[in-house]
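Values quoted throughout were computed directly from the atomic coordinates according to the rules given, and no laboratory measurement underlies them. Fair warning: this is a prediction, and the values are worked out from it, not measured in the lab. Here the Cβ is made from the backbone with ideal geometry for all residues, glycine too, and neighbour counts use every protein chain on show.
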Amino acid sequence: MEQEARKNFIHLSGSGFTIIELIISMVIFSFLIILVATALNDVFSNSSQQLLSLSNIDQARSTLSVFASEIRDATTGSDGSYPLNQAGDSQIIFYSNFNTSNSAVERIRYYVSGNVLYKGVIVPAGSPLSYNPGLEIVKPVISGVASSSSSIFYYYDGNYNGNTSSLSQPVNINQVRFVKISLMILNQITAKDTSSFPISVGAAIRSVKDNLGN
């Protein structure tokens, strides 16, 4: 009987897989499965990252378009405030009634904190109308703003022709006739991508302009 079993083992060894060969095959197969799964994960991750990048670009363009329209329609506040309230490097405050559902002029604030551009809006209330900072509604409008030590907002006087240097800080708001916002947006095509692209837009304040076009 023992001799018969030995013959059967020899027969199996010669015509099929041994246990060692089977284990090696399973290891190789598992390794290939891991490689394929990793490759598919990279493909889907990169696709998702590219969609995020395109979303950031569209969001930035849409927001800056609104910003330009708001600046263009900047006007005297409901409390009699000058159209431009603050003209800082990384924050701007002004009054505008662009795209509002009522006749009230909103106090609008844009500022950058971290990698996000925020927008704060105060609708005047009370009698007489005033702008209560406690009523400000703040929301993020552009994410993925590249960290930079350079200015975000630039201000120009009535001599601006497209090539004129911006006014130096601290800016005299009474001299400002044209405002520009300039951002660097992270591409984020891949999770490790740190490259960025520039996007900027500007507009003349119609209510105070003199020799500037629309």
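Annotations for the structure displayed:
- Look at Ile173, Ile142 and count the other Cβ atoms within 10 Å of each Cβ; fewest to most, that gives Ile173, Ile142.
- Cβ charges +1 (Lys, Arg) and -1 (Asp, Glu), total dipole of segment 87-184, debye: 100 debye
- Least to most buried among Leu129, Leu186, Leu117 (fewest other Cβ within 10 Å first): Leu129, Leu186, Leu117
- Residue exposure sequence - Met184, Met26 - by fewest surrounding Cβ within 10 Å: Met26, Met184
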